[in-house]
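Each remark here refers to the structure printed beneath this line.
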Amino acid sequence: MNVLALSDAKVGSTGVVERIELPDEVSDYLAHLGFLPGTKVEILRHAPAGDPRVYRIDGIEVGLRNETARHIFLTLPSETSEEAA
C-alpha cells in the first residue's frame, strides 16, 4: 500500500482516506462532506485545466481544488499506485 496526496491520485483510482492535514475549520467542513479517515474515495474526473477535480465519497460527488486536495492523504492499493507512477 502507498500513501499519496488526493491531488496526486490518478483519475479512475480509488483509495481510502488516511489522514487530513488542514486547519480544524476546513477539516470539520470536509468531515461533514464525508472526508474522514477510513472512508473510500474514488477519483472521478477533472476540469479541462485540471483543477478542480471531482471525487465520489459516501455516494456523493464533491469538487475540490488541488490546493485543498493536496492536504488529504489516501492509502492506495499497490497496483493502483504503480499505475500512477
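Kirkwood hydrodynamic radius computed over segment 2-84 comes to 12.5 Å, based on all pairs of distinct alpha carbons. Here is how the number arises for the chain: DSSP H runs of 4 or more residues each give -39500 (n - 2.57), the sum is divided by the residue count, and the result at 222 nm is -6000 deg cm²/dmol.
Computed packing ranks the peptides 9-18, 29-38 as 9-18, 29-38, most packed first, by mean other Cβ atoms within 10 Å.
Here, each number is a calculation from the coordinates, and none is a lab measurement. Since this is a predicted model, take the numbers as computed values, not measurements. As a convention, Cβ positions derive from the backbone with ideal geometry for all residues, glycine included, and neighbour counts pool all protein chains shown.
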